[in-house]
Amino acid sequence: MLEIRNLHARIVDDGTEIIRGLNLTVKAGEVAAIMGPNGSGKSTLSYILAGREDYEVTEGDILYNGQSILEMDPAERATSGIFLAFQYPMEIPGVATMEFLKVAMNEQRKARGQEPLKIPEFLKRVKEAAASLSMDMAMLKRPLNVGFSGGEKKRAEILQMKLLEPKLCVLDETDSGLDIDALKIVSDGVNALRAPDRAFLVITHYQRLLEHIVPDSVHVLYRGQVIKSGDKSLALDLEANGYAGVIGEAA
Amino acid sequence: MPAVQDTIDRVRKIDVDQYKYGFQTEIAVDKAPKGLSEDIIRFISAKKDEPSWMLEWRLEAYRRWLTLEEPTWARVNYPKIDFQDIYYYAAPKSTPGPTSLSDVDPEILKVYEKLGIPLKEQEILAGVQKTDASDLEEPSDNVYKSGRVAVDAVFDSVSVVTTFKKELAQAGVIFCSISEAIREHPELVQKYLGSVVPTSDNFYATLNSAVFTDGSFVFVPKGVRCPMELSTYFRMNEKNTGQFERTLIIAEEGAYVSYLEGCTAPQRDENQLHAAVVELVALDDAEIKYSTVQNWYPGDAEGKGGIYNFVTKRGDCRGHRSKISWTQVETGSAITWKYPSCILRGDDSSGEFYSIAVSNGYQQVDSGTKMIHLGKNTSSRIISKGIAAGFSQNTYRGQVSAHRKATNARNFTNCDSLLIGDQCGAHTVPYMEAKNSTAQFEHEATTSKISEDQKFYVMQRGIPEEEAIALIVNGFVKDVIQQLPMEFAVEAQKLIGISLEGSVG
């Protein structure tokens, strides 16, 4: 589903190279965990996948279902099924969460040539999704992410993911700032979405999240490259011994 | 990505003038000779069959105007206007004045139809009976279809038709063109005209007093709540013509009226002048709500053409406990110079100003309000949202003052500016003066930029760039949109979206 080939990317503003020859393949139905120390390029990778303009791809390619996505803008990528759950979701003052959900869902439907959702159908879907994440409907009347706690913001991200039904879900440090209860709710939300035709790229610092969202593969990112790949036992190994060993091996 | 961007830019340039109302209509017109002189004023006055007191009033204003200088304090730049190069009177030939609908030139009716303003009362009535559930979900494209709104349509210099007059008359409400009011209700016009904006007020108001050609007149008698929204729709069609309309609204003791003004003009390379005067008078316990959706032609992508909008709007809370509320959505005009104000004369009176000013391309906006607190326990509230995109300049200019006798005057001001891109400017020029120690004035101001983070976040949900910007902007202006009559709020939101098209990329 996702194939990253020898990807090199730098920050447009100052030319700093962040991704340096990254290779990664994620199959449909797979949950791939990306781990790595601070500054290894994990968040940058998620931004580049979503099409953020602050980064420039200088070499290599990103293939999604066999097609290069480098020429697509963020909205086109989203419509094609790529979803990024942000580490720091943005506040959108004055735009009720419910309204935002409606616009996003209908814009994606429009891009796919579908009719906009009828209001009752829309409400039904939102109610169900919110209930599964233990979210209060009253919260959805508030402007998106404005004054939301860290946990509420992350839940709102998963709510959007559920409703938009993407095919490639990128979760950028979704566990940061979550207490154990919230972590469980969010993880359950993600697990419920696991499907044979859907892939996940779970970016995280800690093994903790992977106890709840059990990955099929684990990849260690360091200095903009995948330096080691393995199964879920690799995450446990990293937790026990730190990154130093793996980094030493690669060097 | 550069290749894609290039294509988008090219396509956008082909369709750069996205102004939807830029068509022009070929109609036989009756014009005064170009230029301004006492003879032209006599000509206008004679065309309108005015009484001699009105002509004298105009001539006095004209003589005064000759002694005045064009103001230069606003933050706007434009080549000097040649006031002798303008037609001051243009009227569609077949309509010497307001007539019944059947007498109106069908070409003009077509124009209003094109603009989405049905003048046929039965159409509007038909709209009321429509209670189809699907309408509740998807607000109609055309607000005029969805409610009962009486319309006064002004085409260049004359009012061509006013709807619902009979029904309003039953409630005692007078709603007609100002020309008709001068002939039919001279005592009211003489009593109130110029009592809020005197003929000597300022350069443009004085010019308007000399040459105003038409506009609307509303009189709501004591204790009457006007049974429907009133609306005037201005259309500037003729080339090189100035539009100088004059609107006068009077709400007697305990009366209430909500009034909406809308405007468009054809797309032209030359600039056109629009210098209107609006006067509102609210007596004891009366309330006037005045909303404007201004969408004059703003000029093309290079800043060529467009309307010069120099408008004086003022409301006088003359009675105790009276209330005047201005709500404006400004998206058009090449230059906007406009400060709808309230004089809070009556004790316990209150004034409000809610404004959204959107500028794009090379538009220049200098707009704001004045709240003059004269009475005791008067309060005022100002919420201004300026949005600047492209190469535009957007200035909020406001004055709040409390007179020595204005005990317990209260004001709250909030001015927020939003910048889109890095070639535009937003400026806030507040002026506050309290001569009474019990006055309490609060002022808040913010300037922000739509951040790349916000835009990226919204787009990541599948919302295309321009829709993403419109969504963020509509969130920003929400406080003000809520003040508009409900049907118009939808139109205003769409209009803001359209005005910002081409602001990115």
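What follows is calculated from the coordinates using simple rules that are stated; it is not laboratory data. Quick caveat, the model's predicted, so the values are computed rather than measured. With ideal geometry, Cβ positions are generated from the backbone for all residues, glycine too; neighbour counts draw on all protein chains shown.
Tabulated data for the structure shown
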quantity	calculated
Distance between the range B:444-505 and the range B:408-428 - C-alpha centres, whole angstrom	16
Mean separation of Cα contacts under 8 Å (6+ apart) over length of chain A, as relative contact order %	29
For the range A:19-70 versus the range A:192-216, the gap between their alpha-carbon centres in whole angstrom	16
Taking the convex hull of Cα positions in the range A:149-251, its mean projected area over all directions (nm²)	6.9
Those lysines that a straight Cα-Cα span of less than 18 Å connects to B:K304, excepting residues fewer than 8 apart in one chain	B:K13, B:K20, B:K80, B:K239
Candidate aspartates and glutamates - alpha carbon under 19 Å from B:K31, same-chain residues fewer than 8 apart omitted	B:D39, B:D49, B:E50, B:D82, B:D85, B:D105, B:E107, B:D156, B:D214, B:E238, B:E245, B:E270
Percent of alpha-carbon pairs separated by more than 21 Å within the range B:317-393	35
Sequence-separation-based contact order of the range B:422-505, relative, with Cα cut under 8 Å and 6+ spacing, percent	24
DSSP-loop trypsin sites (Lys or Arg not before Pro) across the range A:43-118, with at most 16 other Cβ within 10 angstrom	A:R112, A:K118
Of B:K370/B:K455; B:K34/B:K166; B:K289/B:K494; B:K289/B:K455, pairs whose Cα-Cα distance is over 32 Å	B:K370/B:K455; B:K34/B:K166; B:K289/B:K455
Share of pairwise Cα separations in the range A:106-195, more than 20 Å, in percent	39
Zero-based 5 Å bins, Cα pair distances in the range A:1-109, whole percents	2, 10, 19, 23, 20, 12, 9, 5, 0
Cα pair distances in chain A, grouped into 10 Å bins until the bin that holds the longest one, percent each	7, 30, 36, 21, 5, 0
Projected label distance in nm at B:R75 and A:V146, using a 7 Å step from Cα toward the beta-carbon	2.5
Filter on B:K338/B:K385; A:K127/A:K153; B:K323/B:K385 - keep pairs with C-alpha separation over 19 Å	B:K323/B:K385
